[in-house]
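Let me begin by presenting the structure, written as structure tokens, before commenting on it.
The values are calculated or read from the model by the stated rules, or taken from the named source; none is laboratory data. Given the structure is predicted, the values throughout are model-derived calculations rather than measurements. Backbone-built Cβ (ideal geometry, glycine too); neighbour counts: all protein chains shown.
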Amino acid sequence: MTPDSNTLNTETLVPWLDRTLPELGDGPLVAEILTGGATNIVMRIDRGGTPVVLRRPPLAPRPDSFKVLGREARVLGALNGTPVRKPELIACCEDQAVLGVPFYIMEYVPGWLAMDPKKFPAAFDPPEIRRQLAFELVGGIAELAKVDYRAVGLEGFGKPDGFLARQVDRWLYQHASYADSEGYGYRPLPGKDAVVDWLRANTPETPHIGIIHGDYGYPNALFAPEAPARLAAIIDWELSTIGDPLLDLGWLMYAVPSERSAVRPPELYQDPSYPLREELVEHYAAITGRPVVNLTYYMVLAQFKLAMLLERHYARGLNGRLDREMGEQMGALVLDLLRAASEMTREFDGASERQMA
């Protein structure tokens, strides 16, 4: 889809590109919206040289949209030159005279999103090839967990001290903020209070401090077009911070079936050919060189965090800032996340009681 003048003002952008990035070429600017909606608008732009990607806030920005975009640009720039597979940051513009909002330019990475097995490229039809997608996904976040955040200039990017102890209140505050930002009147969320109590009672010590992506999974992982499976780039860094990288692993693993758990995970981006949770956790541990402990806590926290975030989309569906059907879908997923998280806590407590008996 071609952006309109409200989304991309070429009369002001082209002179900025001429001054800042002449290596992109000097031809007419051709732009195509890759994704766009409630969070950010992402466009591929081409002037006859190397195509790049422009990322800007949505047309109806959230109160924190500009700040979040700046944090994305900072973490992408810090990770330039590291083994982490992500688009290279090329330039960042905070001058709102150019587009009316801040924006940044990053490398264009060809790839596809492995969210719907029915829409995979033909080369990924064989189950043994699809199976490798999951290992590649976990490998990408394991590589990120190994990066020394101080060495890449991200000191002060987050508040790692007491990171896990703050999480419940952080996401409860996020949920409460929708009353002002979205006119949200709240609704019953079964399981929410029990999950909150369990998380407070089972918060572990953080074994390792590192960079967290914060929203890692198949929707934010580009795979190379050709087989065998290869993670090409991790995208959408708006929730990144410094804290406990095992939260990223929990974010991935809660939706993966386990041979040791009877909890039915939310039905997200799974395929019968994918590995079980135990295999993927072992793969993560082998790459990082660190044991994975307290995984249930991180999976429960991940589902609680995501539920609190997605409730905003439900609220925006009600107030007309997001498509109503999409809002309803997000609202249903919130309930499913809290259902699975509650079941995980009960299963964990039951196993602990049996071990003590």
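With respect to (1) farther than 30 Å from residue 74 by Cα; (2) in contact (Cβ under 8 Å) with a residue 60 or more places away in the chain, the lone exception for residue 259 is condition (2). Give the residue that is surrounded by the fewest Cβ atoms within 10 Å (Cβ to Cβ), with candidates limited to residues of segment 51-60 that are farther than 12 Å from residue 322 by Cα and not charged (D, E, K, R). By that ranking, first place goes to 51. Within segment 35-61, the residues that satisfy the criterion of being among the hydrophobic types (A, V, I, L, M, F, W, C) and in contact with a helix residue (DSSP H, G or I) (Cβ under 7 Å, 6 or more places away or on another chain) are 38, 52.
Residue by residue through segment 185-211, note down the ones that are at pLDDT 95 or above and aromatic (Phe, Trp, Tyr). Matches in segment 185-211: 198 only.
Of the residues making up segment 112-160, those that are out of contact with any Phe, Trp or Tyr (no Cβ under 9 Å at 6 or more places or on another chain), under 18 Å from residue 249 (Cα atoms) and in a loop (DSSP other than H, G, I, E, B) are 146, 147, 148.
With respect to the conditions (1) surrounded by fewer than 17 Cβ atoms within 10 Å (Cβ to Cβ); (2) touching a helix residue (DSSP H, G or I) at 6+ places or on another chain (Cβ under 9 Å); (3) β-branched (Val, Ile, Thr), residue 20 lacks only one, and its number is (2). Modelled with pLDDT under 95, among the aromatic types (Phe, Trp, Tyr), within 22 Å of the chain's Cα centre (by Cα) and at positive phi: is that true of residue 269 in this structure? For residue 269, the condition - modelled with pLDDT under 95, among the aromatic types (Phe, Trp, Tyr), within 22 Å of the chain's Cα centre (by Cα) and at positive phi - is met.
Here are 151, 176, 145: which of them is over 30 Å from residue 91 (Cα atoms), small (Gly, Ala, Ser) and assigned by TED's automatic domain parsing to the domain that holds residue 208? After applying the criteria, what remains is 176. Among the residues examined, residue 53 does not qualify as part of a loop (DSSP other than H, G, I, E, B), at pLDDT 95 or above and among the β-branched types (Val, Ile, Thr).
Only one of the listed residues (85, 56) is closer than 28 Å to residue 272 by Cα and among the basic types (Lys, Arg). That residue is 85.
Counting the residues of segment 218-247 that are of a type outside the set (A, V, I, L, M, F, W, C), assigned to a loop (DSSP other than H, G, I, E, B), over 20 Å from residue 83 (Cβ atoms) and within 9 Å of the chain's Cα centre (by Cα) gives 1. Going residue by residue through segment 114-125, is there one that turns out to be buried (at least 16 other Cβ atoms within 10 Å of the Cβ), closer than 26 Å to residue 230 by Cα, among the basic types (Lys, Arg) and out of contact with any helix residue (DSSP H, G or I) (no Cβ under 7 Å at 6 or more places or on another chain)? No, there is no match, as no residue in segment 114-125 is buried (at least 16 other Cβ atoms within 10 Å of the Cβ), closer than 26 Å to residue 230 by Cα, among the basic types (Lys, Arg) and out of contact with any helix residue (DSSP H, G or I) (no Cβ under 7 Å at 6 or more places or on another chain).
When the residues of segment 91-107 are filtered to those that are crowded, with 18+ Cβ neighbours inside 10 Å and within 21 Å of the chain's Cα centre (by Cα), the one that is nearest to residue 140 (Cα to Cα) is 106.
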